[in-house]
Amino acid sequence: MEKGSLIILSGPSGVGKGTVRQALLGLGGVDFYYSVSMTTRKPRPGEVDGRDYIFVSPEEFQRNIDNGNLLEWAEFVGNRYGTPRDIIEQWRGKGRDVLLEIETNGAKQVLAKCPDAISIFIVPPNFEALESRIRGRSTEDEPTIQRRLAKARAELLLQDNYQYKVLNDTPLRAAEEIKSIILSSHK
Ligand code: ADP
Ligand code: 5GP
């Protein structure tokens, strides 16, 4: 059986990574295991532990680093985020594609360890659109929004490090483009 693809989806906070992922699942014709990350961030209203993230304390996160349980991890605007290691190889070994939704520092670490990974950076139509998406989500207070916007400017400079850039003008169109990237990785 052929090993499943490892797909890295990056892009600034609020660009629509989660929304595009949902649209991708809705399209059908692609099936993947979504890697649920570990984070020290507090859950947003509606987020479910184990589905959206594995929410842990800073101490528990540190234990996971020390025990080598994370494929990569990074600090993002005051919190830590990391990818649980073992489950990814388990799914890929069963021929299942695995999708990681991670920021740029983590993407770099994964590409160094898994050179066969497919890297996709989602870009907004322009910075104003990105800002209004972050604000429209209404999940962060103003200082956090400002920090995320500053981080976004820095992350946008790294988009050329990715194999593919996908414009999120509409979630459906972006999802169609990612679907064709994933399907072509199987040939
Ligand atoms: P991310 O996962 O990258 O942080 P989200 O998926 O949470 O981003 O999207 C941030 C906000 O932008 C959400 O309120 C979402 O509904 C909105 N959004 C996503 N894609 C688009 C789009 N193409 N056009 C307009 N709004 C969008
Ligand atoms: P948020 O707080 O908006 O859910 O996530 C903040 C940023 O962390 C986003 O860019 C998101 O993609 C990224 N992120 C989520 N999980 C991980 C992870 O496991 N590792 C890394 N490096 N980044 C992650």
> Near LYS187, which lysines are there with a Cα under 23 Å away, not counting those fewer than 8 places off in the same chain?
Replying inline: LYS3, LYS94, LYS113, LYS165, LYS179
> Cα centroid distance between region 70-137 and region 155-187, in Å?
Replying inline: 13 Å
> Per residue, what accessible area does the chain have, given a 1.4 Å probe and all protein chains present, in Å²?
Replying inline: 50 Å²
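Can you classify the chain as rounded, prolate or oblate using the Cα gyration tensor, where a ≥ b ≥ c are the square roots of its eigenvalues, rounded means a/c under 1.5, and otherwise it's prolate if a/b beats b/c and oblate if not? Don't jump to the answer; show the numbers that get you there.
Numbers: a/c = 1.58, a/b = 1.08, b/c = 1.46.
Taking the square roots of the gyration eigenvalues as a ≥ b ≥ c, the chain is oblate.
What order do you get for 55-65, 16-26 when each peptide is scored by the mean count of other beta carbon atoms within 10 Å, highest first?
On the way: 55-65: 13.8, 16-26: 18.4.
So the peptides 55-65, 16-26, ranked by packing, come out 16-26, 55-65.
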> Round to a whole number: what % of the accessible area of the chain belongs to carbon and sulfur, probe 1.4 Å?
Replying inline: 52 percent
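The values are calculated or read from the model by the stated rules, or taken from the named source; none is laboratory data. The structure presented is a predicted model; accordingly, all values stated were derived computationally and were not measured. Neighbour counts are summed over all protein chains in view; Cβ atoms, including those assigned to glycine, are modelled from backbone coordinates with ideal geometry. The area values use the complete protein model at the heavy-atom level, side chains included, leaving out ligands, DNA and RNA. Shrake-Rupley method; radii C 1.70, N 1.55, O 1.52, S 1.80 Å.
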